[in-house]
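Shown next, in structure tokens, is the structure this report addresses.
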Amino acid sequence: VTTAAHVPSDVETYLARVRAALADVPADERDDLLAEVEASLHETASESGGSVAAQLGPPEDFAAELRSAAGLHPSAAPPAAGLRETIERLANSPRVAGSLRSLRELAPIWWAVRGYVAVAALALAAGASWSVAHGAVPRIGNAKLGAIAILVAVAASIALGLWSRRTPQARLALSVLNVALLAAVVPVAVHLSHRTQPAVATQIVVQTEIVPGLAYNGTPLDNVYPYSRDGRLLHDVLLYTGAGTPLNLRAKSYDPLRRILFTKAGGRIYNAFPVRYYQPGTTTVLRPNAGPNVKVPRITTPPLPAKKRGR
Amino acid sequence: VDRSQLLRGTLDAAALAVVAEQDGYGYDVLRRLRAAGLSDVGDASVYGTLRRLYRAGALTSYVEPSDEGPHRRYYGITARGRAQLAEARTAWADFSQTLSNLLETDVEVTA
């Protein structure tokens, strides 16, 4: 340790140049090799007391000898090929060119999908409600107009795709659009996977036994939306039966995306409505104000007097 | 013939023999090879050879802390290494005998 003070910088420099000369060796093998060399270089340096380079010769020669003795052959590709060269080499390889060609043939499928995604993403962004019978169709005014909007968008998107094939100048603008819509696929897919089940399915089910959990006229409920008399959607409303039983809504399996309310003691609350869901990977509620497309009627009965708060 | 060229084909056997005698770390193996008379063996050749023998399963390795400088990676011989060493011994004995016979025969040079 006594001589270590002036030695390391010399060893480090030498080692760094050996490392650089072995840049193409797989990282884990190179690290093992250099760890071996490092310990030995320290001993060489402390025994000779002089420069490591004077003792061992140029680091590049040392690296070449190390490589040959360790049976590591220099890789064919130069290690320092830039990103641009790499991409060009990839793009020119026959396999990639083939894949690109078949991708080109499949492009029309994407054109149709992106038309739908554009409409669905705009509807999501605008917080539009969705058709109950056909959960994939947003209501734009109503579900029928929503469906028409989708058809128009798909047709326009295909026309745009065909036009871009003849118009190379449009490629850049279109690739920006494609990236944006590709990103929009994620929220749309999340919405579709969480949408309320079509009401049609409930008509087919013949209820001969008691439905476990929460149901209305034998139809299982997956949510309840309470509104105040002035038409405001309420949040986190706790519902109970006359016997004081919480109207718990629990899925058969644990859903990590469901927003669960907790009591102070840490207990889970399953009778808070409406049930809300998180955006995957976050604790942000997905569309916290989404609700059914209802018009709360004007109420003429005078409201009950509000109970004074206090205990 | 250059000694270093002769060494190239036989360093595996020499390194295995040194480690078989007693476990050692890189610099230690180098020193013992040199002390045994292989004074011109290259540092990098020994370290590279040890790593290659280790990768091939002829050596095991373990790390021991050192009072001076970084940890030392010790190498020990495995059953596979011993088998390889035994094979090298036979081959070398055979080869050196043959070559000795050839080189020691006085060839009459006619003018």
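The values are calculated or read from the model by the stated rules, or taken from the named source; none is laboratory data. Remember, it's a predicted structure, so these values are computed and weren't measured experimentally. Quick reminder, even Gly has a Cβ in these numbers, built from the backbone with ideal geometry, and neighbours come from all protein chains shown. Areas reflect the complete protein model, heavy atoms only, side chains present, ligands, DNA and RNA absent. Shrake-Rupley method; radii C 1.70, N 1.55, O 1.52, S 1.80 Å.
Chains B and A together bury some 1700 Å² of accessible area, summed over both sides, with a 1.4 Å probe. When the charge dipole of chain B is built from unit charges on Cβ atoms (+1 for Lys and Arg, -1 for Asp and Glu) and taken about the Cα centre, the candidate among B:T10, B:F95, B:V63 whose Cα reaches farthest toward its positive end is B:V63. Of the GluC sites (Glu not before Pro) in the range B:5-92, the ones in a loop by DSSP (not H, G, I, E or B) with at most 14 other beta carbons within 10 Å are B:E68. In the protein assembly as shown, the portion of solvent-accessible area held by carbon and sulfur atoms comes to 59 percent [1.4 Å probe, whole percent, DNA, RNA and ligands not counted].
Solvent exposure of A:H73, expressed as accessible area, is near 150 Å², computed with a probe of 1.4 Å over the protein chains only. When each of the peptides A:221-229, B:94-102, A:103-111 is scored by how many other beta carbons lie within 10 Å of its residues on average, the order from highest to lowest is A:221-229, A:103-111, B:94-102. The contact residues of the range B:35-73, meaning those that lose at least 50 Å² of 1.4 Å-probe accessible area when all protein chains sit together rather than their chain alone, are B:A44, B:Y47, B:R51, B:R55, B:P70.
Dipole of the protein assembly as shown computed with +1 at Lys/Arg Cβ and -1 at Asp/Glu Cβ about the Cα centre; of A:L257, B:A35, A:G242, farthest Cα towards the positive end is A:G242. Applying the Karplus relation 6.51 cos²θ - 1.76 cosθ + 1.60 with θ = phi - 60° to the range A:20-34 yields 3J(HN,Hα) values of 4, 6, 9, 4, 8, 6, x, 3, 5, 5, 5, 4, 4, 4, 6 Hz, where x marks Gly and Pro.
Separation of the range B:35-101 from the range A:144-197 is 65 Å, based on Cα centroids. Peptide A:45-52 shows a mean partner chain C-beta count of 1 within 10 Å per residue C-beta. Taking each DSSP H run with n ≥ 4 as -39500 (n - 2.57) and averaging over every residue of the protein assembly as shown yields -17000 deg cm²/dmol at 222 nm. Once backbone amide H atoms are built at 1.01 Å from N, B:Y25 has B:Y75 as its partners under 5 Å, excluding neighbours fewer than 5 places away on the same chain.
Under 5 Å from the amide H of A:R250 lie the amide H atoms of A:L214, each residue being 5 or more positions distant or on a separate chain, with H modelled from the backbone and absent for Pro and chain starts.
Taking amide H as placed 1.01 Å from N in the peptide plane, A:L261 has its amide H under 5 Å from the amide H of A:I269, each at least 5 places away in sequence or on another chain.
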